[in-house]
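Heads up, the thing below is written out as structure tokens.
The values are calculated or read from the model by the stated rules, or taken from the named source; none is laboratory data. If you're wondering where the values come from, they're calculated on a predicted model, not measured in any experiment. Here the Cβ is made from the backbone with ideal geometry for all residues, glycine too, and neighbour counts use every protein chain on show. Calculation scope for accessible area: heavy atoms of the full protein, side chains included, ligands and nucleic acids excluded. Shrake-Rupley method; radii C 1.70, N 1.55, O 1.52, S 1.80 Å.
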Amino acid sequence: MNTRIARQTLELPYTPPFDWARLLRFFAGHQTLGIERVTDTEYTRSIHWLGDDGILTVRDDPHRHMLIATVDGAASRHIGDFAPALSRMFDLAADPDAIRRGLSHDPDLTRMIAAAPGLRVPGTWSNFELIVRAIIGQQVSVKGATTVIGRVVSRAGEQLGTFDDGSACWRFPSPAAVARADLHKLGMPYKRIATLQHVAAVVASGEVPIETHPANTLPLRQALLALHGIGPWTVGYVAMRAWRDPDAWLESDLVLKQILLALDPTAATLAQQRLRTNTWRPWRSYAVMHLWNSLADRTGAERGG
């Protein structure tokens, strides 16, 4: 994919403040090798759209309050269709003032928002790609999940060529390809592999239309939760990042529990924590990001989300 043809550009406005640096930091920590490349200023990835491949590059234009998306390759002819997907991916429809007002009654979140007023909820280009990462990442570190998902790509995906820096560029495997791939000795338990391939097969069959974005996500949540091996954390994570639910809360997330306990040592039980987190409705997804970000800022991004 290092041959640049048919370059097309799309401008995507947003409401400031917009924290592009922290958004890139999150994507960098979760990037899939061979699919994504993240620098201090740009996000780049391979894309596949209606049978065409391409390279998507996104950068910020802070002076004009917009992201500039560039698509190279055959997929560039579809760029007119990309605005909704990119808006979801980079949370461009968010209203920072409304989020700030909705969380301002909590002094700890007020402090966090003041430190990062333009924080957004990172989305995804592909909902299936995200759920693959979520399933793999349930019982391993973010770094470990990145290693394993790279192995899934190399076994079930298709190499397209190279990025501009010479590194291999791959197409992320389809649900059907993941379902039928040989994923033995992948570096995670067999039961987790079985869950991954079962979910991939269900998505491939259309039984769970994961790539849709309905206003009411409850039926999709229930369908996903009904699958063997899928728990509330995975469903909440997908709802937050893929289905753009602004009020998703990951109450079983160990990092969030630790942060909440550090903020209030008396809130040792789940019921006590719920008394607080329920007051953050309907913006709990943004509370998740601010809590994770507060830890990432303190630890140099080694922890947090």
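Figures for the structure shown
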item: 222 nm mean residue ellipticity, helices alone, for the chain (DSSP H n ≥ 4; -39,500 (n - 2.57); rounded to 500); result: -13000 deg cm²/dmol
item: Listed peptides 239-249, 286-296, 16-26 by packing density, highest first (mean Cβ within 10 Å); result: 286-296, 239-249, 16-26
item: Two-site FRET efficiency, Asp61 against Gln159, from Cβ-Cβ distance with R₀ of 22 Å, rounded to 0.05; result: 0.10
item: Equivalent ellipsoid semi-axes, the chain, via Cα gyration tensor eigenvalues times 5, rooted, Å; result: 30, 25, 17
item: For the chain: accessible area per residue (Å², 1.4 Å); result: 45
item: Label-zone membership for the range 39-83, site Asp97, 7 angstrom Cα→C-beta point, backbone N under 18 Å; result: 65-66
item: Euclidean distance between Cα centres, the range 176-228 to the range 74-91, Å; result: 24
item: His198-Ala268 FRET efficiency (beta carbon distance; Förster radius 30 Å; 0.05 resolution); result: 0.25
item: Area of Thr279 that stays accessible when all protein chains are in place (1.4 Å probe, Å², to 10); result: 70
item: Cα convex hull volume per residue for the range 21-122 (Å³); result: 115
item: List Lys185, Lys143, ordered by accessible area with a 1.4 Å probe, largest first; result: Lys185, Lys143
item: Percentage relative contact order, the chain, counting C-alpha pairs under 8 Å, at least six apart; result: 18
item: Cα centre as origin, Lys/Arg/Asp/Glu Cβ charges: the chain dipole, Debye; result: 660
item: Enclosed volume per residue, in Å³, of the convex hull spanned by Cα atoms of the range 15-74; result: 95
item: Largest-first ordering by accessible area, 1.4 Å probe, given options Glu251, Glu207, Glu129, Glu158; result: Glu207, Glu158, Glu251, Glu129
item: The range 196-238: translational diffusion in µm²/s, Stokes-Einstein, Kirkwood Rh over Cα pairs, 10 °C, 1.306 mPa s; result: 150
item: Accessible area of the chain belonging to carbon and sulfur atoms, whole % at 1.4 Å probe; result: 55
item: Rg/Rg_globular for the range 222-264, with Rg_globular taken as 2.2 N^0.38 Å and Rg from C-alpha atoms; result: 1.30
